[in-house]
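Visitor: One structure, pasted below without further comment.
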Amino acid sequence: MPNLWDNAMVSAQTNLLDPNIWPLSATRTDAGEIAIAGVPVSELVAQYGSPLFVLDEADVRARAKAYHAAFNDSEVVTEVFYAGKAFMAGKVIKWIVDEGLNVDVCTAGELEVALRAGVAPERILFHGNNKSVSELERAVEVGVGRIVLDSFIEIERLANIASARGVTVQVLIRLTVGVEAHTHEFISTAHEDQKFGLSIASGAALEAARMVIESDSLSLLGLHSHIGSQIFDAQGFEIAAQRVFDTAVSIREDLDFTVSELNLGGGMGIAYLGEDDPLRVEQMAKALHEIVLKECERVQFPVPRLLVEPGRAIIGPAGITVYEVGTTKDVDVTDDLARRYVSVDGGMSDNIRTALYGAEYTVALASRNSSAELIDSRVVGKHCESGDIVIRDVRMFSDIGPGDLLAVAATGAYCRAMASNYNHMVRPAVVSVVDGKSELVLRRETIEDLLALDAGVN
Ligand SMILES: *Cc1c(COP(=O)(O)O)cnc(C)c1O
């Protein structure tokens, strides 16, 4: 048991909102409620329902702008592509493109959102290990700026589609670089047992480059690597860049072709917890630029255009999820350990990351302050699944009960984007807030939306 002093400390901190974790405009009102851009969460829930995703528009814009500025502050010409899979909605794509970023998509659906949001096709990059014929046809038809090739079959497929239309498509080749990075760690191997990319070690990457160079309808811009997610420093990127440059040198030596672009992918990490310390964007940009210049020096290569693809780092910290507490239950885990289960009105259908990869989050009582003692708690959802956990272990105020609102921080990325209708739950609305005003980004589904798909009840 922690002593009272501990309790008081943590308790005081739990009402505070760590600016590294919460959206830029998150504050506590005089009444103790969390507000985003001046709008209290209870007002948002009254208007749009619960659970609710809330995005701080100014925060998303500031992050996009900061990426654009930091990555353009170098002799290494750099283009930043927002990885749309983190969260894709028309309004958000408009803000991000407005702030100077391009967009990376990996399915027909994501491509259509970007196009309808008005993104110029040449600012779109198309990824994926199994892009279908129709997806590639659509991409070529609208004139997507770059397609990242991921297999021999795809090289042929795309070459045929482009040649049938009499156009030349600009491509990059995705490499399997054998680096897997996460937080401050990375693993580096010569071979990698994964579905993405063309292996450097086996010679597949070089063979792919040969095929592209020989094709009349494909134009080889460069090479791509993506090494992981939630990466806190640049070491993994450095090893990956070395292997990409070595491949570029092989292509130059064996095929007499010099690539002009190098895409180091995304994965830039964010803080979910107080102790998380990812590099700031300026530091990451500087580190990546230095790596590129160092590699150019090492292998005597002309400085390529650099591409990066952050997703989480743009949208993650700008979003929160607001839930309403429905029930609580005290459980004796062992003779000396009790735990309170705090059940909310969402769960694994709006945030699968905890169940999927043991993700950890910061949660706060959102509808008021408290000075009650802190007790061991677990925030769980309402699904028929014991793994339906939002926050596994957290010290929470003992007076939390039905009707209280909880806010989970840094849920802008990979939460609504990965949401499901498990248990016929409707996916929550997403709203944005700026200057004291809220707007719908994605409306909440209704049970009628779900029933409309069901041939047995229509
Ligand atoms: C997922 C992914 C990204 C974005 O990753 P984040 O961790 O959200 O930055 C970028 N590029 C590729 C190829 C990806 O698969």
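Readers should treat all values here as calculations from the given coordinates under stated rules, not as data from a laboratory. Everything numeric here is computed off the predicted structure, so don't read it as measured data. When we count neighbours, we look across all protein chains shown, and the Cβ atoms used for this are built from the backbone with ideal geometry, even at glycine.
Visitor: Need one number: nm distance between label points at Asp277 and Thr27, each 7 Å from Cα along Cα→Cβ, rounded to one decimal.
Guide: Output for this residue pair reads 3.0 nm.
Visitor: Take the Cβ-Cβ distance between Glu214 and Val142 as r, set R0 to 22 Å, and report the resulting FRET efficiency rounded to the nearest 0.05.
Guide: The calculated FRET efficiency here is 0.25.
Visitor: Next question. Order by neighbour count: Leu406, Leu306, fewest other Cβ atoms within 10 Å first, most last.
Guide: The order, fewest Cβ neighbours first, is Leu306, Leu406.
Visitor: Between Asn458 and Ala46, what length in nm is gained on full extension when 0.36 nm per residue of separation is reduced by their alpha carbon distance?
Guide: Here the segment from Asn458 to Ala46 would lengthen by 145.2 nm.
Visitor: In segment 121-227, what % of DSSP beta bridges are antiparallel (nearest 5)?
Guide: If we restrict to bridges inside segment 121-227, about 25 percent are antiparallel.
Visitor: While we're on this one: Counting only helical runs of four or more DSSP H residues, what would the 222 nm mean residue ellipticity of the chain come to if each run contributes -39,500 (n - 2.57) and the total is spread over all its residues? If you can, show how the numbers build up before the last one.
Guide: Details: 13 runs with 142 residues, N = 458.
Rounded to the nearest 500, it is -9500 deg cm²/dmol.
Visitor: Still on this structure, I have one more. How large is the charge dipole for the chain, taken about the Cα centre, if only the Cβ atoms of Lys, Arg (+1) and Asp, Glu (-1) carry charge, to the nearest 20 debye?
Guide: 780 debye
Visitor: First select every other residue whose beta carbon is under 13 angstrom from the beta carbon of Leu442; then total the charges, Lys and Arg +1, Asp and Glu -1. It would help to have the intermediate numbers written out before the result.
Guide: Values: positive: Lys91, Arg416, Arg427, Arg443, Arg444; negative: Asp350, Glu439, Glu445, Asp449.
Overall, the nearby charge balance is +1.
Visitor: I want to check the label-to-label distance for Glu448 and His191. Put each point 7 Å from Cα in the C-beta direction and report it in nm to one decimal.
Guide: Computed distance between label sites Glu448 and His191 equals 5.7 nm.
Visitor: Related question: Using R₀ = 60 Å, calculate the FRET efficiency as 1/(1 + (r/R₀)^6) where r is the Cβ-Cβ separation of Arg165 and Arg339; round to 0.05. If you can, show how the numbers build up before the last one.
Guide: On the way: r = 61 Å, r/R0 = 1.02.
For Arg165 and Arg339, the calculated efficiency is 0.45.
Visitor: Moving on to the next point. Can you tell me how much longer the chain between Leu293 and Glu360 gets when fully stretched, taken as 0.36 nm per residue apart minus their C-alpha distance, in nm with one decimal?
Guide: 20.5 nm
Visitor: Ok, one more. Counting other beta carbons within 10 Å of each residue's own, what order do His289, His224 fall into, fewest first?
Guide: Ranking His289, His224 by Cβ neighbours within 10 Å, fewest first, gives His289, His224.
Visitor: Give a residue-ordered list of calculated ³J(HN,Hα) values for segment 156-165 (Karplus: 6.51 cos²θ - 1.76 cosθ + 1.60, θ = phi - 60°; whole Hz; x for Gly, Pro).
Guide: 5, 4, 5, 4, 5, 4, 5, 5, 4, 8
Visitor: For a quick check of your reading of the filter: which chymotrypsin sites (Phe, Trp or Tyr not before Pro) in segment 369-458 sit in a DSSP loop and have no more than 11 other Cβ atoms within 10 Å?
Guide: none
Visitor: Fewest Cβ neighbours within 10 Å first, please rank Lys329, Lys294 accordingly.
Guide: Lys329, Lys294
Visitor: Moving on to the next point. What are the chymotrypsin sites (Phe, Trp or Tyr not before Pro) within segment 214-295 that DSSP puts in a loop, where the Cβ has at most 15 other Cβ atoms within 10 Å?
Guide: Counting only loop positions with at most 15 other Cβ atoms within 10 Å, the chymotrypsin sites (Phe, Trp or Tyr not before Pro) in segment 214-295 are Phe257.
Visitor: Between Ile153 and Lys329, what FRET efficiency follows from the Cβ-Cβ distance if R0 is 41 Å, with the result rounded to 0.05? Mind dumping the intermediate values first?
Guide: Details: r = 53 Å, r/R0 = 1.28.
Computed FRET efficiency for Ile153 and Lys329 comes out at 0.20.
Visitor: Between Arg392 and Asp246, how many nm apart are label points set 7 Å from Cα along the C-beta direction?
Guide: 3.6 nm
Visitor: A further question follows. In the chain, which longest range has no GluC sites (Glu not before Pro) that are both DSSP loop (not H, G, I, E or B) and surrounded by at most 12 other Cβ atoms within 10 Å?
Guide: Numbers: sites that count: Glu75, Glu275.
Maximal segment without exposed cleavage sites: 76-274.
Visitor: How long is the gain from Ala372 to Asn72 if the chain were fully straight, where each residue apart is worth 0.36 nm and the alpha carbon distance is subtracted?
Guide: Stretched fully, the Ala372-Asn72 segment lengthens by 103.1 nm.
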